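Below is one structure; the comments refer to it alone.
Each value in this text was obtained by applying a stated rule to the coordinates, not by laboratory testing. Just so it is clear, the structure is predicted and the values come from calculations on it, not from any experiment. FYI the Cβ positions are ideal-geometry reconstructions off the backbone, even for glycines, and counts take in every protein chain you see.
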Amino acid sequence: MDLNLTGARVIVTAGANGIGRAIVDAFLAEGALVATCDIDEAGLASLPDTVFCARVDVSDAEALGSFMEAATGYLGGLDCLVNNAGIAGPTGRIEDLKIEEIEQTLAICLTSQFITTARAVPLLRASENASIINVSSLAGRLGFRLRSPYAAAKWGVVGLSKSMAIELGPDGIRVNALLPGLVAGDRQRKVLEARAEAQGISFEQAETDAFSRTSIKDYVTPQQLADQVLFLASPRGKTISGQALSVCGDTGMLG
Ligand code: NAD
């Protein structure tokens, strides 16, 4: 399927590793022009020279705003913004959470998406195929035991995406949220280890519990997620906006 993304101008936040890196690589393979930011300098240095890279912590509003200006200048406009940056946040009971950890989780997972979106919109209005894809999580649809800051941030991402779809639809800008479930990689392993420890259960039990929420009983790869992003960003996805797209076979039911 030709996705017609050759020459598309794309910004992906946190593109040095993991899902963001897979999204960057997938856009590059389609012939898109890509810019990204991350805190991992070594990871950024491993990207091809054609990618505009900046070391930016997305919780630093000023630095993120400057990155958006420089990146869109380099790209000569913007067709797609992928708000991918996110951290797992703390695992713990509400009374044990530190306010700094809660604020940091919200700043990285949610507030950063407000900042990039505000900067992107004037440029996206001039695009023939404008879209924003906000990475949420299955935790943006369900409650998440002992991970309330992350779940609150990811539900916020869905609320932001749906509101932006309504606000920006008349300008021809589509906005969708992507909700990964269990993604193959280190991060998921660490999350399950932390949950197992907090609940006093084995890693295997934590994994089994997590898979009980999904109908696809396997890890999704970052590359598979990147495929969904490409589709949503492409003209093929032009009839899809305001959706919270689950990419884990979310059952929508308990048990
Ligand atoms: P990851 O931890 O593998 O990679 C995250 C990247 O973000 C790294 O390159 C890291 O350096 C960068 N980063 C971390 N903090 C940053 C900051 N403050 N500013 C800029 N860059 C920063 O994570 P991932 O699994 O690729 O997750 C990507 C997105 O997918 C996140 O929004 C995450 O919440 C979401 N998600 C992941 C999973 C999963 O199982 N991995 C599941 C659901 C949703």
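Annotations
- Applied to the range 246-251, the Karplus parametrisation 6.51 cos²θ - 1.76 cosθ + 1.60 on θ = phi - 60° returns per-residue 3J(HN,Hα) values of 6, 10, 8, x, 3, 7 Hz, with x for Gly and Pro.
- The distance separating the Cα centre of the range 95-156 from that of the range 202-253 comes to 17 Å.
- Cα shape, the range 108-255, gyration tensor, a/c 1.5 rule: prolate
- Cα principal axis extents for the chain, largest first, Å: 52, 36, 35
- For the range 59-98: span of alpha carbons on each principal axis (Å, largest first): 48, 20, 9
- Rh by Kirkwood over Cα pairs, then Stokes-Einstein D for the range 9-57 at 1.002 mPa s and 20 °C, µm²/s: 210 µm²/s
- Scoring 14-20, 47-53, 181-187 by mean Cβ neighbours within 10 Å over their residues and listing the highest first yields 14-20, 181-187, 47-53.
- Sparsely packed trypsin sites (Lys or Arg not before Pro) within the range 135-182, loop by DSSP, other Cβ within 10 Å at most 16: Arg145
- Share of pairwise Cα separations in the range 100-174, more than 15 Å, in percent: 56 percent
- Charge dipole magnitude, Cβ of K and R +1, D and E -1 - the chain, Cα centre, debye nearest 20: 680 debye
- Counting only Cα atoms, the range 35-146 measures 48, 31, 23 Å along its principal axes, largest extent leading.
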